[in-house]
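I am attaching a structure below and will ask some questions about it afterwards.
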Amino acid sequence: MSKVKEAYKEIENVLGSDFISDKDFMKAAYSRNVDPAFPDRWADIIVRPETAEEVSDIVKIANKYKIPMVPRGGGADLVGGAATQGGILLDLTRMNKILEVNKDDYYIVVECGITWGDLVSQLHPTGYTTGCIGPGSGYAATIGGGLSNSTAGGGSTKYGLVPDICLGVEVVLPNPQGTIIKTGAAANKYAKPFCRYGVSPDFTGLFMGDVGTMGIKTKAYLRLWRDPPFKASRNYLLNNGDYNNVFKLAHEVRNNIGDGLRDFMVLPQIIVQMTAGQLRTAEGKRIRIKGPLFQITLEATDQRILDIHLENLEKIMSKDKMTTLLPNPAGSAEGLEWNYNLKGNFHFFQASISPSPSNISMVTCHKVPISNMGQVYKKVIDFDIKNKDEFPDGNAWPPGTFATMQYLLPNGNFVVLGGFTGDNTDEAREKNMNMWHKKTRYQVRYGAVHYWLGESISQSIVEADAYTPEYRQFFKDMKKTVDPNFLLSPNKFHMHSYEDDITKYLVKDEE
Ligand SMILES: Cc1cc2nc3c(=O)[nH]c(=O)nc-3n(C[C@H](O)[C@H](O)[C@H](O)COP(=O)(O)OP(=O)(O)OC[C@H]3O[C@@H](n4cnc5c(N)ncnc54)[C@H](O)[C@@H]3O)c2cc1C
């Protein structure tokens, strides 16, 4: 019997026959994330454990037979992270319960396979929130995926990325013992999981943004806030596309509205033209779209405070007569409206990604310091123009389009949403992938920091020679400590084995 067959039998004894499969139709169903730039990848075995102990038993069996494993949440990954060619694919979505909502101590305990859609639907009516309410893909994407992808999402302008709201995790290490550990306050067996730091070094961080390379997260302890009940959304259309002015206004809003600022997104002119051609002003007049759109959500614990925030916002935006105020055009299923809408805000990205559904997207979203807003825009356009002949057929976007779609994060950084599109054909695959890596390397070299990394982005970071040799060694040593047989998520970060010399993937002599 092959080692895969033997492992199958042993895992079946743990899970029962309903939650394991090696059938072709199942392998096909799990062969992709939302990342069609990658070829189909078929796992040998698909498993759907329900508890950390089951995950641990699977890990032990995988170690016994030296079979690689890849964890998967909602599979909404855009960068090749949650699929595997061969090996065991661990679908964690049966681990989908809220285990504790502690309103006294402001934390919540969830299983990592719960979707944001499920969590937010249950939590929102109670008047409590995790602050960051997950990515644009949140109806399917899970909390485990959010922690592993350092996800930015609804509420991130104020509350930060998903790892920023994390107080600790329960995680199964990929070692031969399938060790289960808890991090944060939960590492103290006498303590509640109410805070992150102070028991030992911050080992929670080892598993944040790891794209499933350091462990399999099974539970998460997350921060909880009373959801400020007074919210308002406002949209402002700028009368020109000067991104230095975008920076100035964004900075001023951040400085003056402070805690009242929940979400701040900039949609580029072209997207507004495509998605909201029928826009009208508050007075009902047709609008000429000459610049980007600010979508801003404010929140407060009291209507009077919210009114002051709104007044301040109006003052900033109307200062140089650069902006037009208009109702919410995008991201709202209910159409035009003035008020905060959970559904609309939850969906903020979908409304923008949909203009080119027939092509595939090679996404390169990343973060840069806020003061670089104008410069980055120029750099992206420069790259797109300089490399225009190398872009794959089917790239629907004019240069720099996406670089103008931006999302503020706490402190001095913001997300530049981005990417390009290409034909979804086998012939185009190599060209798509080459350009994707090249563009990402270019971003890394202008100091960009990404968030989802999967295979394509994590490999491009290595290719760009971002890490010092010392850092590369440290990373490898840490990975060896938790995964001595090198079984969890191979290929990410161009780690293909511990013996492999990573420097052979460096791409030099490139701008
Ligand atoms: C329309 C659309 C909108 C999107 N909007 C955003 C956005 O606004 N912000 C954003 O950050 N991303 C966004 N994404 C990308 C992606 O959906 C998110 O990053 C999301 O958090 C992934 O969650 P998931 O559960 O689907 O993870 P998966 O795709 O299943 O996995 C993602 C990575 O995490 C690992 N992983 C998953 N679960 C675990 C676990 N329990 N333990 C260890 N490793 C694990 C996987 O191996 C993989 O590398 C979007 C994608 C789409 C298609």
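The values are calculated or read from the model by the stated rules, or taken from the named source; none is laboratory data. Being a predicted model, the structure only gives us computed values, none of them experimental. Counting neighbours? That spans all protein chains shown, and the Cβs are built from the backbone with ideal geometry, glycine included. For the accessible areas, the whole protein counts, side chains as well, though only heavy atoms, and no ligand, DNA or RNA atoms are used. Shrake-Rupley method; radii C 1.70, N 1.55, O 1.52, S 1.80 Å.
Answer yes or no as to whether VAL211 is within 11 Å of the ligand (Cβ to nearest atom), among the β-branched types (Val, Ile, Thr) and either in contact (Cβ under 8 Å) with a residue 12 or more places away in the chain or surrounded by 15 or more Cβ atoms within 10 Å (Cβ to Cβ) (or both). Give the steps one after another, and end with the answer.
Values: within 11 Å of the ligand (Cβ to nearest atom): yes; among the β-branched types (Val, Ile, Thr): yes; either in contact (Cβ under 8 Å) with a residue 12 or more places away in the chain or surrounded by 15 or more Cβ atoms within 10 Å (Cβ to Cβ) (or both): yes.
In short, yes.
Please return the ranges of strands (runs of 3 or more DSSP E) entirely within the stretch 79-174 where 2 or more residues are open to solvent by 10 Å² or more (accessible area, probe 1.4 Å), in contact (Cβ under 8 Å) with a residue 40 or more places away in the chain and more than 12 Å from the ligand (Cβ to nearest atom). Outline the logic, then answer.
Values: elements: 88-91, 98-102, 107-111, 166-172.
Answer list for the stretch 79-174: 98-102.
Now, a different point. For the list (1) closer than 17 Å to THR213 by Cα; (2) touching a residue at least 60 places away in the same chain (Cβ under 8 Å); (3) of a type in the set (Phe, Trp, Tyr), I need the number of the one condition that TYR442 fails.
Single failed check for TYR442: (1).
Taking LEU409 as the residue in question, decide whether it is open to solvent by less than 30 Å² (accessible area, probe 1.4 Å), under 22 Å from GLY374 (Cβ atoms), in contact with a Cys (Cβ under 7 Å, 6 or more places away or on another chain) and not assigned by TED's automatic domain parsing to the domain that holds MET265.
Answer is no for this residue.
Additional query: Given the conditions (1) crowded, with 18+ Cβ neighbours inside 10 Å; (2) at pLDDT below 95, and given that PRO39 satisfies all but one, which numbered condition is not satisfied?
(1) is the only condition that PRO39 fails.
I need the full set of residues from the stretch 10-30 which are over 28 Å from the mean Cα position of the chain (by Cα), charged (D, E, K, R), surrounded by 14 or more Cβ atoms within 10 Å (Cβ to Cβ) and assigned to a helix (DSSP H, G or I), in order please.
Once the filter is applied, which keeps residues that are over 28 Å from the mean Cα position of the chain (by Cα), charged (D, E, K, R), surrounded by 14 or more Cβ atoms within 10 Å (Cβ to Cβ) and assigned to a helix (DSSP H, G or I), the stretch 10-30 yields GLU10, GLU12.
Please verify whether the stretch 465-477 includes one or more residues that are modelled with pLDDT of 95 or more and within 22 Å of THR151 (Cβ to Cβ).
yes
Looking at the stretch 384-413, which of its residues are outside any loop (DSSP other than H, G, I, E, B) and modelled with pLDDT under 85? Explain how you work it out, then say what you get.
Going through the stretch 384-413, the residues outside any loop (DSSP other than H, G, I, E, B) turn out to be 384-386, 388-390, 402-408, 413.
Within the stretch 384-413, PHE402, ALA403, THR404, MET405, GLN406, TYR407, LEU408, ASN413 qualify.
Given (1) at positive phi; (2) without any contact (Cβ under 8 Å) to a residue 40 or more places away in the chain; (3) assigned to a helix (DSSP H, G or I), where does ASP509 come up short, assuming only one miss?
(3)
Please determine, by comparing only the residues of the stretch 445-468 that are free of Cβ contacts under 8 Å to residues at least 24 places away in the same chain and either of a type outside the set (Phe, Trp, Tyr) or in a strand (DSSP E or B) (or both), which one is nearest to the ligand (Cβ to nearest atom).
Filtering the stretch 445-468 for residues free of Cβ contacts under 8 Å to residues at least 24 places away in the same chain gives 466-468.
Among the residues that remain, those that are also either of a type outside the set (Phe, Trp, Tyr) or in a strand (DSSP E or B) (or both) are: 466, 468.
On the way: ALA466: 19, THR468: 24 Å.
Here the answer is ALA466.
Test of understanding: among ILE133, ILE165, ILE143, which residue is within 13 Å of the chain's Cα centre (by Cα) and within 15 Å of LYS219 (Cβ to Cβ)? Show your work before the answer.
Details: ILE133 fails: within 15 Å of LYS219 (Cβ to Cβ); ILE165 fails: within 13 Å of the chain's Cα centre (by Cα).
Only one candidate passes the filter, namely ILE143.
Out of the residues in the stretch 283-309 that are surrounded by fewer than 19 Cβ atoms within 10 Å (Cβ to Cβ) and at pLDDT 85 or above, state the one that is nearest to TYR128 (Cα to Cα).
Result: THR301.
Restricting to the stretch 46-77, count the residues that are out of contact with any Gly (no Cβ under 6 Å at 6 or more places or on another chain), open to solvent by less than 10 Å² (accessible area, probe 1.4 Å) and either assigned to a helix (DSSP H, G or I) or acidic (Asp, Glu) (or both).
Count: 5.
Okay, next question. If a residue must be open to solvent by less than 70 Å² (accessible area, probe 1.4 Å) and out of contact with any helix residue (DSSP H, G or I) (no Cβ under 8 Å at 6 or more places or on another chain), how many such residues does the stretch 178-201 contain?
Summing the residues that are open to solvent by less than 70 Å² (accessible area, probe 1.4 Å) and out of contact with any helix residue (DSSP H, G or I) (no Cβ under 8 Å at 6 or more places or on another chain) in the stretch 178-201 gives 4.
Also, quick follow-up: Scan the stretch 453-471 for residues that are under 29 Å from PRO135 (Cβ atoms) and open to solvent by 30 Å² or more (accessible area, probe 1.4 Å) and report the count. Lay out the reasoning, then the answer.
Let us first name the residues in the stretch 453-471 that are under 29 Å from PRO135 (Cβ atoms), namely 453-464, 466-467, 471.
Okay, now just the ones that are also open to solvent by 30 Å² or more (accessible area, probe 1.4 Å), so 466-467, 471.
Here the count works out to 3.
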